[in-house]
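Undergrad: Provided herewith is a single structure, encoded as C-alpha cells, for subsequent inquiry.
The values are calculated or read from the model by the stated rules, or taken from the named source; none is laboratory data. All values derive from a computational prediction rather than experimental measurement. We place every Cβ from the backbone using ideal geometry, glycine too, and count neighbours over all the protein chains shown.
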C-alpha cells in the first residue's frame, strides 16, 4: 500500500479509529512522535475531535553511524530510555558513550520543547485513552520508549496507530498495548519511506503550525 503523503495516511487511520472518538465519557488524547508523526496525528486528532500533543523523543545513534538506532530517549515527568542491549553488545558500545549521548539528546529535547509547546503544559493522559502515532514503524525504538513512559502516567488505554509496520514487529507490539491500528503490515520491509509517494522531511515550522491549528 502506497500513501500519497503523511496527511493522507492520517485521514485513513482516523476512519479506523472512530470508536475512540473523544467525548465526555471516553476522553482521548492523540500523541504524535516528532517530527514525521505529527502530520499523521493531526489528521487523527481532527477526526476524533481530540486534543493533540507531541512526544519529544530522540533516537540514540551508534558511534559514527547516527542513522543506526541503538536506543531512544523521551522526556516527560521522568525521562525514559530504551536501549537495544543485544545490538549494543554486538557492536561493543561503551557505557560512557551512551551516557554522554543521552545527556546531549535530553538537552536537545528540552530545547525543542520550548519551541513546540511555547510554555504550554503537556496534556495529562491519566485515566484517558492515549493514541500514540508515527508515520511508520521500522525498528520501533522511538515508539517503544514513548509507550514505556506513558505507562507510568496510568492512562485508561494505550493505542498505537501507524500507517505501516513490518508484520513481525506488529506481533511484537500487540503484546505491549491495548490495541494497535495499522493500514499495512508487509512481510518485505526495508524503510518507512518506501510506502509514501511524498516522504519529505517534516519541518519544525509544520509541526508548530499543526499543533497550533489543533489547539485552535
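Undergrad: If residue 137 satisfies every condition in (1) touching a helix residue (DSSP H, G or I) at 6+ places or on another chain (Cβ under 7 Å); (2) farther than 20 Å from residue 36 by Cβ but one, which is the exception?
TA: Checking residue 137 against (1) touching a helix residue (DSSP H, G or I) at 6+ places or on another chain (Cβ under 7 Å); (2) farther than 20 Å from residue 36 by Cβ, the one that fails is (2).
Undergrad: Now for a separate question. Go through (1) modelled with pLDDT under 90; (2) in a helix (DSSP H, G or I); (3) touching a strand residue (DSSP E or B) at 6+ places or on another chain (Cβ under 9 Å) for residue 70 and report which single condition fails.
TA: (2)
Undergrad: Let me ask something else about it. Does residue 81 qualify as being assigned by TED's automatic domain parsing to the domain that holds residue 202, surrounded by fewer than 24 Cβ atoms within 10 Å (Cβ to Cβ) and part of a strand (DSSP E or B)? Break it down stepwise before answering.
TA: Details: assigned by TED's automatic domain parsing to the domain that holds residue 202: no; surrounded by fewer than 24 Cβ atoms within 10 Å (Cβ to Cβ): yes; part of a strand (DSSP E or B): yes.
No: the conditions fail for residue 81.
Every residue, every condition in (1) at pLDDT 90 or above; (2) assigned by TED's automatic domain parsing to the domain that holds residue 137; (3) on the phi > 0 side of the Ramachandran plot, yes or no:
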position	(1), (2), (3)
31	yes, yes, no
46	yes, yes, no
50	yes, yes, no
87	no, no, no
97	yes, no, no
109	no, no, no
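Undergrad: Okay, next question. Can you pull out every residue in region 199-216 that is farther than 12 Å from residue 36 by Cα and outside any helix (DSSP H, G or I)?
TA: Result: 216, single match.
Undergrad: Identify, by number, the condition in (1) touching a strand residue (DSSP E or B) at 6+ places or on another chain (Cβ under 8 Å); (2) touching a residue at least 24 places away in the same chain (Cβ under 8 Å) that residue 46 doesn't meet.
TA: (1)
Undergrad: Residue check: is residue 156 at pLDDT 95 or above and over 16 Å from residue 34 (Cβ atoms)?
TA: So residue 156 fits the description; yes.
Undergrad: Exactly one condition in (1) at pLDDT 90 or above; (2) under 22 Å from residue 148 (Cα atoms) is not met by residue 93; state its number.
TA: That leaves (2) as the condition not met.
Undergrad: Here are some residues: 136, 193, 140. Which one is more than 17 Å from residue 42 (Cα to Cα) and either at pLDDT below 90 or within 14 Å of the chain's Cα centre (by Cα) (or both)?
TA: Numbers: 136 fails: more than 17 Å from residue 42 (Cα to Cα); 193 fails: either at pLDDT below 90 or within 14 Å of the chain's Cα centre (by Cα) (or both).
So the residue among 136, 193, 140 that is more than 17 Å from residue 42 (Cα to Cα) and either at pLDDT below 90 or within 14 Å of the chain's Cα centre (by Cα) (or both) is 140.
Undergrad: Restricting to region 20-54, and then to whatever is within 18 Å of the chain's Cα centre (by Cα) and part of a loop (DSSP other than H, G, I, E, B), can you tell me which residue is nearest to residue 10 (Cα to Cα)?
TA: Out of the qualifying residues, it is 36.
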